[in-house]
Structures are given as structure tokens and as C-alpha cells.
Amino acid sequence: MKKMFTAGLAAVMAMSLCACGGGQTAPATTSAPAAETTAAAAETTAAGEEEKKEETDQAAAAGGGYVVALCNYSIGNSWRAQMEQEFMAEAEKLKAEGVVSEYYITNSNDDINKQISDMQDLITKKVDAIIITAASPTALAPIVEEATEEGIKVVSFDNVVETEEQVATVGIDEKEFGRIGAEWLAEKLGGKGKIVVLNGIAGTATDALRWGGAEEVFRQYPDIEVLGSANASWDYAQGKAAMESMLSAYPEIDGVWSQGGAMTQGAIDAFIAAGRDLVPMTSEGNNGAIRAWIENKDKGLSCIAPSNPTYTSAEALRVAIRALNGEEVPSNVVMDMETVTEDNVDQYYRTDMPDSYWVLTELDDETLERLYK
């Protein structure tokens with residue numbers, strides 16, 4: 001098996017999928033009366049068909065199982081890097097079980113056209129299932145529909161694709177994510193104040209849904225003024241730079257609505273560097289953001305962190321496998337959303353992990369150490 005490594009994450013390149021089947025012929029009956037002979041033959045045939053099905057299933061598994069793929073648009077931040085590792089860990093587990101024979105991972109580096117090309121390549125490879133997190137919910141829809149027409153089971157997750165021609169979408173309720181933070185911030189501010197906004201990657205479904213949920217809440221509070229917003233790609237450095245600019249532009253900022261933990265950590269550091277009083281900020285389950293939160297509690301910082309687990313990719317793969325096995329799956333699989341609060345924040349922070357680690361994970365410590373060494 002040939003493996004390639006991108007940004008420290010192994011993407012295993014696939015070999016051919018083989019499957020074979022076998023069966024047996026029902027024995028003839030010669031001495032029974034006609035009616036009994038017919039019944040016995042039917043019973044024997046049914047038993048033979050059931051045994052044949054079992055043998056075929058076993059042979060298919062022995063022949064290698066399914067070929068699956070992750071079509072990713074970016075590993076441009078640590079959440080996405082950890083998410084990719086979650087997919088790989090689940091795929092390796094399924095390989096060990098004989099369910100998966102091989103898997104591919106593609107990354108388009110935020111290029112929509114490149115991701116469309118990646119999808120076309122996976123269709124040509126005749127994979128059985130594609131798990132996709134999309135650079136655009138609409139631009140990727142036609143190629144997802146093409147894959148579906150070719151009999152490929154497509155499941156979109158995180159940044160989902162807007163089409164009914166796929167098996168399912170998988171993820172947390174992103175609008176609820178936005179609402180939770182906005183409602184908390186509005187309450188913290190007593191329904192009035194000046195705030196700034198840190199969004200993710202413009203054009204992605206997650207960005208639009210999270211801000212859409214927050215905006216619905218803020219519309220109910222006419223005394224909350226949104227001074228400005230910036231797209232900081234859920235990234236620490238971009239979040240810090242964006243907040244530095246807004247701190248220079250606005251002498252009074254009462255709160256920060258951020259839709260990403262690393263961006264919030266950058267915002268906290270920008271406030272401290274500028275000598276500004278810390279204000280309530282929404283966040284996410286990022287270890288660095290949680291560390292900064294804990295360290296600055298006594299300095300007036302309060303936060304809340306609804307969180308998107310990095311193992312969403314693994315769950316999407318499990319949904320695809322169920323579909324390949326002929327099981328019925330819902331068209332929208334909504335995962336539980338854990339929220340880190342001021343009451344439970346200490347339970348989530350890991351002193352042995354770096355700031356870039358995301359706290360909601362299925363990865364074991366050995367894998368995490370390899371990822372974050």
C-alpha cells in the first residue's frame with residue numbers, strides 16, 4: 001500500500017477493489033411424495049440462498065470491502081487538520097475490520113475549481129463513497145449530483161452541500177451554534193452595547209449558518225450595535241490581526257461575537273496587547289482559547305463555547321458505510337452539540353496538549369501526540 005503525507009497527515013492511496021461470491025446447489029430429493037418433494041425443495045433452496053448470501057458477504061469482505069474518500073477543501077487551520085486525522089483513524093479501523101479496502105484523501109486548499117476537479121477524479125476512480133466538506137454549498141452541488149448519478153454514496157458534513165442528490169448531511173446545528181453565543185452575549189450585555197464580529201471563511205455553509213443564527217438574535221436587540229466584522233478563517237493569526245484593526249478603529253467595544261475558538265484566542269491576545277479591558281467573548285472548544293479563558297477569568301473575561309467536534313468526519317464516514325450496507329439513514333444527521341461554559345470549562349482544558357488541539361475528539365492519546373508533536 002502506498003501512502004502520501006500532507007501537512008503531517010497520511011492520505012492512503014487506494015488499490016483496486018475486488019469482490020467475489022460463491023454458493024451451492026440445493027440437493028435433489030427423489031423418494032418423497034410430490035407435494036413433500038416440492039416443499040422440501042423450496043425449503044432447501046431458501047436455505048441455500050441464505051447460505052449463498054452469507055458466503056457472498058464474507059467473500060466481499062475478504063476481497064477488500066469498500067473504497068471510500070474524503071474530499072476536503074482545506075486543512076488551513078488546526079480544526080481541519082484534526083478533522084482529517086479523525087477520518088483517517090476511522091478509515092483505518094474499518095480497514096482492520098475488512099469493511100474498507102482503501103481510502104483516498106484530497107485537499108483543494110480553498111480552491112473551489114480544484115475541489116470540483118478532485119471530485120471528478122474520485123468519480124473516475126469509481127470509489128464507493130465520498131465524504132465531502134465543501135468550499136461552497138452551491139458550487140459543489142452539480143458534481144455531487146454527478147457522483148450520485150454514478151452510484152456513489154455521497155455524504156457532506158461540516159460545510160455541507162445544498163442538494164437533495166446525496167445520501168445525507170452530517171453535523172451539528174450550525175444556526176443553533178450561532179444562536180447560543182448571540183443569546184449569551186446579549187444577556188451578558190444587558191441587551192445593549194457595541195460589539196464586533198469575527199466570522200469564518202466567506203462563502204462556506206458553516207460561516208453563513210453560524211452568522212445567520214447569531215444575526216437573528218441580534219435583530220431582536222435594537223440597542224446592540226454591530227460596529228464591524230471580519231472574516232478570519234477560524235484562524236488564530238487572522239483573528240488576532242482582525243481584532244487589532246478593530247481595536248484601532250473602535251475606541252469602545254463592549255463584546256465580541258466570534259464563531260471560532262482560535263479566532264477568539266487571537267482576539268483575547270489582541271485586547272491584552274492593546275491594554276484594553278477584556279469583554280465578554282463567544283468562543284469554541286479550542287484548547288488555546290480555553291487556556292486563555294481560564295487564565296483571564298480573574299481579569300474580567302467571560303466566555304461561552306458551543307463546539308463542533310472534529311470527529312464529525314468520522315461520523316460522516318460511518319453514515320456512508322451504513323448506506324453502502326443498504327441501511328436506511330436520515331437525510332440530515334444532526335449531532336449533539338456540547339457547550340463549554342463558565343461552570344464546566346476546567347473539565348475540558350488539557351495541560352498536556354498544545355493550544356492548537358480541539359477538545360472534542362475521538363482520537364487516542366498516541367494519535368494526538370503524533371499529530372501535535
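The values are calculated or read from the model by the stated rules, or taken from the named source; none is laboratory data. Model, not experiment: these values are computed from the prediction. Glycine also receives a Cβ, built like all others from the backbone with ideal geometry; neighbour counts cover every protein chain displayed. Keep in mind that these areas ignore ligands, DNA and RNA; they rest on the heavy atoms of the full protein, side chains included. Shrake-Rupley method; radii C 1.70, N 1.55, O 1.52, S 1.80 Å.
Residue pairs, Cβ under 7 Å, 6 or more apart or interchain, first in segment 289-306 and closer than 11 Å to Q265 by Cβ, second open to solvent by 50 Å² or more (accessible area, probe 1.4 Å). List them.
I290/Y349; R291/Y349; R291/D355
Tell me which residues, restricted to segment 314-359, are part of a helix (DSSP H, G or I) and of a type outside the set (D, E, K, R). Give the steps one after another, and end with the answer.
Step one: filter segment 314-359 for residues part of a helix (DSSP H, G or I), giving 314-324, 345-348.
Matches in segment 314-359: A314, A316, L317, V319, A320, I321, A323, L324, V345, Q347, Y348.
May I ask you to list pairs of residues, at least six apart or on different chains, whose Cβ atoms are under 8 Å apart, with the first in segment 209-225 being touching a residue at least 12 places away in the same chain (Cβ under 8 Å) and the second being part of a helix (DSSP H, G or I) and open to solvent by 90 Å² or more (accessible area, probe 1.4 Å)?
V217/E183
Select from segment 279-328 the residues that are acidic (D, E) and within 17 Å of the chain's Cα centre (by Cα) and write down the one among them that is surrounded by the most Cβ atoms within 10 Å (Cβ to Cβ). If you could, list the steps in order and put the result at the bottom.
Taking segment 279-328 first, the residues acidic (D, E) are 284, 295, 298, 315, 327-328.
Filter once more, so that each one left must be within 17 Å of the chain's Cα centre (by Cα): 284, 315.
On the way: E284: 30, E315: 21.
This residue is E284.
Out of the residues in segment 227-252 meeting the condition of being touching a residue at least 40 places away in the same chain (Cβ under 8 Å) and assigned to a loop (DSSP other than H, G, I, E, B), tell me which one is most open to solvent (accessible area, probe 1.4 Å). First the steps, then the outcome.
Step one: filter segment 227-252 for residues touching a residue at least 40 places away in the same chain (Cβ under 8 Å), giving 233-236, 239, 242-243, 246, 250, 252.
Retained after the next criterion (residues that are assigned to a loop (DSSP other than H, G, I, E, B)): 233-235, 250, 252.
Details: S233: 31, W234: 28, D235: 36, Y250: 60, E252: 91 Å².
Per the criteria, the residue is E252.
Quick check on my filter: what residues within segment 106-124 are among the charged types (D, E, K, R), open to solvent by 30 Å² or more (accessible area, probe 1.4 Å) and either touching a residue at least 60 places away in the same chain (Cβ under 8 Å) or closer than 24 Å to W79 by Cβ (or both)? So that I can check it myself, show each step before the final result.
From segment 106-124, those among the charged types (D, E, K, R) are 110-111, 114, 118, 121; that's our starting set.
Next, only the ones that are open to solvent by 30 Å² or more (accessible area, probe 1.4 Å) stay: 110-111, 114, 121.
Matches in segment 106-124: D110, D111, K114.
Please count how many residues of segment 190-205 are open to solvent by less than 30 Å² (accessible area, probe 1.4 Å) and either touching a residue at least 40 places away in the same chain (Cβ under 8 Å) or not in a loop (DSSP other than H, G, I, E, B) (or both).
Residues of segment 190-205 open to solvent by less than 30 Å² (accessible area, probe 1.4 Å): 191, 193, 195-200, 204-205.
Filter again for either touching a residue at least 40 places away in the same chain (Cβ under 8 Å) or not in a loop (DSSP other than H, G, I, E, B) (or both), leaving 193, 195-200, 204-205.
Total satisfying the criteria: 9.
Of I304, I321, which residue is more than 23 Å from T133 (Cα to Cα), at pLDDT 95 or above and among the β-branched types (V, I, T)? First the steps, then the outcome.
Working: I321 fails: more than 23 Å from T133 (Cα to Cα).
Answer to the selection: I304.
Sort out which residues of segment 125-175 are open to solvent by 60 Å² or more (accessible area, probe 1.4 Å) and either closer than 30 Å to A305 by Cβ or in contact with a helix residue (DSSP H, G or I) (Cβ under 7 Å, 6 or more places away or on another chain) (or both), and write them in order of number.
The answer is T138, E146, E150, K153, E162, E165, D173, K175.
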